[in-house]
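Q: Below are the structure tokens for one structure; questions will follow.
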Amino acid sequence: MNSFKQWYAVYTRPRWEKKVAELLQRKKLEVYCPLNRVVRQWSDRKKTVLEPLFKSYVFVRVAQDEHSLLLQTDGILNMVYWLGKPAVIKDVEIDMIRRFLNEHKSIKLEKTKVSVNDMVRVISGPLMEHEGQVIALKNRSVKIILPSLGYMMVAEVDAINIEVIKSTDFIHPTSSHQYAIQ
């Protein structure tokens, strides 16, 4: 029996993310359903609501022999696969999502393909000391690349709060903190 636990993504029915997270928690599983603080405008008022950041995805930390428990959960359509195997999400990426959601609101997701350009280090602000790759410069937004998910999280940060670093200073293999300023 394998008790080594890793993060996996499960694919849920549309708008079932919170319900699936609750059902998995009832099974005593470690679950993460990232919630984004978004301001919604109604005709008579504005309200901040918590919406799932990743539509139809919930993250769960389980051992390989617990995968069947996931698929027996109402609302889960399947596990997310990569190259024919359930996709493992790195702990550092889950931590990065948590930190990013704590530091920013109204985050947008963009599907991305990682491309290489200048290496940067954030020198000021909530992402201080994180390193990454510049893939574009525009306005004041920072994009965090989540390679194993194929997404970028986007929030605003001042371009003056970053510095270009030499590629030899960039901690590439061990640091999966990849940021892009746009």
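The values are calculated or read from the model by the stated rules, or taken from the named source; none is laboratory data. These figures come from a predicted structure and were not determined experimentally. Here the Cβ positions follow ideal geometry from the backbone for every residue, glycine too, while neighbour counts run over all protein chains shown.
Q: Please verify whether segment 62-82 includes one or more residues that are at pLDDT 90 or above, in contact with a Leu (Cβ under 8 Å, 6 or more places away or on another chain), in a strand (DSSP E or B) and among the β-branched types (Val, Ile, Thr).
A: So far as segment 62-82 goes, yes, one or more of its residues are at pLDDT 90 or above, in contact with a Leu (Cβ under 8 Å, 6 or more places away or on another chain), in a strand (DSSP E or B) and among the β-branched types (Val, Ile, Thr).
Q: Based on what the data block shows, is Lys55 closer than 18 Å to Tyr151 by Cβ and exposed (fewer than 14 other Cβ atoms within 10 Å of the Cβ)?
A: Working: closer than 18 Å to Tyr151 by Cβ: yes; exposed (fewer than 14 other Cβ atoms within 10 Å of the Cβ): yes.
For Lys55, the condition - closer than 18 Å to Tyr151 by Cβ and exposed (fewer than 14 other Cβ atoms within 10 Å of the Cβ) - is met.
Q: Identify all residues within segment 1-24 that are over 12 Å from Val62 (Cα atoms) and of a type in the set (S, T, N, Q); write none if there are none.
A: Thr12 - this is the single residue of segment 1-24 that is over 12 Å from Val62 (Cα atoms) and of a type in the set (S, T, N, Q).
Q: State whether one or more residues within segment 33-50 are closer than 19 Å to Asp91 by Cβ and surrounded by fewer than 15 Cβ atoms within 10 Å (Cβ to Cβ). If you could, list the steps in order and put the result at the bottom.
A: Restricting attention to segment 33-50, the residues satisfying the condition of being closer than 19 Å to Asp91 by Cβ are 33-34.
With surrounded by fewer than 15 Cβ atoms within 10 Å (Cβ to Cβ) added as a condition, the list becomes none.
No, the conditions are met nowhere in segment 33-50.
Q: Just wondering, is there one or more residues in segment 19-36 that are more than 27 Å from Phe4 (Cα to Cα) and touching a strand residue (DSSP E or B) at 6+ places or on another chain (Cβ under 8 Å)? First the steps, then the outcome.
A: Going residue by residue through segment 19-36, those that are more than 27 Å from Phe4 (Cα to Cα) are 36.
Now narrow it down to the ones that are touching a strand residue (DSSP E or B) at 6+ places or on another chain (Cβ under 8 Å): 36.
Looking through segment 19-36, at least one residue is more than 27 Å from Phe4 (Cα to Cα) and touching a strand residue (DSSP E or B) at 6+ places or on another chain (Cβ under 8 Å).
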